[in-house]
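**Q** Pasting a structure below so you can have a look.
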Amino acid sequence: MAGVPAARAFTREALVDWGVWERAYDIVLCVSELATNALMHGVPPGRGFLLRLSYVDGVRVEVHDSGDGVPHADAREPGEGGRGLLLVSELADKWGVGERDPGKLVWCEFADR
């Protein structure tokens, strides 16, 4: 995935193809936050991330990067940053972090309602 705008566009297209209208704004916003976090904290300069979307009884978003560390939702960080995962935790039904070699994947899910 080339960057955050491309991730948002890809997600919008997939949601339209799947006929997912409810919560589409929340899903695209979470993709944007996870992609931004991957680029800012999860990949070395010049490297990218992998976005995977799937739809089975809801939408699952996965953002894979090669960075180490475990992200967490924390609104206590100073400044404007540090709230992306807090936002994801409020909008998504579930979210978490998984291992991959190298790096990690951060995922969130939006169940059909």
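**Q** Pick out, in residue order, every one of the chymotrypsin sites (Phe, Trp or Tyr not before Pro) in the stretch 1-75 that is DSSP loop and has at most 11 other C-beta atoms within 10 Å; say none if there are none.
**A** TRP21
**Q** Can you give the relative contact order of the chain as a percent, counting alpha carbon pairs under 8 Å and 6+ residues apart?
**A** Reported relative contact order: 25 percent.
**Q** Grab the DSSP H runs of the chain that are 4 residues or longer, score each as -39,500 (n - 2.57), total them, divide by all residues and round the 222 nm result to the nearest 500 deg cm²/dmol.
**A** -10000 deg cm²/dmol
**Q** So for the pair ARG100, ARG12, with labels modelled 7 Å out along Cα→Cβ, what separation do we get in nm?
**A** Inter-label distance under the simple model: 2.5 nm.
**Q** What is the log10 of I(q)/I(0) for the chain, computed with the Debye formula using one identical point scatterer on each Cα and no solvent, at q = 0.16 Å⁻¹?
**A** -0.68
**Q** Please determine, in degrees from 0 to 90 and to the nearest 10, the orientation of helix 4-18 with respect to the longest principal axis defined by the Cα atoms of the chain, where the helix direction is its Cα long axis.
**A** Once rounded, the angle reads 20 degrees.
**Q** Taking DSSP loops as anything outside H, G, I, E and B, show the longest stretch in the chain free of GluC sites (Glu not before Pro) there with at most 14 other beta carbons within 10 Å.
**A** 23-79
**Q** Against the longest alpha carbon principal axis of the chain, how many degrees, from 0 to 90 and to the nearest 10, is the axis of helix 24-37 turned?
**A** With both axes taken from Cα atoms, the answer is about 20 degrees.
**Q** Could you calculate the FRET efficiency of ARG113 with MET40 from 1/(1 + (r/R0)^6), where r is the beta carbon distance between them and R0 is 35 Å, rounded to 0.05?
**A** 0.65
**Q** Considering amide H positions built from the backbone, and no H for Pro or chain starts, which residues 5 or more places from GLY58, or on another chain, come under 5 Å of its amide H?
**A** Those lying under 5 Å, H to H, from GLY58 are ASP112.
**Q** Moving on to the next point. Each residue of the stretch 54-71 in turn: what ³J(HN,Hα) in whole Hz from Karplus with 6.51, -1.76, 1.60 and θ = phi - 60°, glycine and Pro shown as x?
**A** Working through the residues one at a time gives 9, 9, 8, 6, x, 9, 10, 10, 10, 10, 9, 9, 9, x, 9, x, 10, x Hz.
**Q** Ok, one more. What number comes out for the charge environment of PHE110, summing +1 per Lys or Arg and -1 per Asp or Glu over other residues with Cβ under 12 Å away?
**A** Here the charged neighbours net out to -2.
Read the figures in this text as sums done on the coordinates, not as results from a lab. Computed from a prediction, not measured in an experiment: that's the story for all the values here. Heads up, the Cβs are rebuilt from the backbone with ideal geometry, glycines too, and the neighbour counts pull from every protein chain shown.
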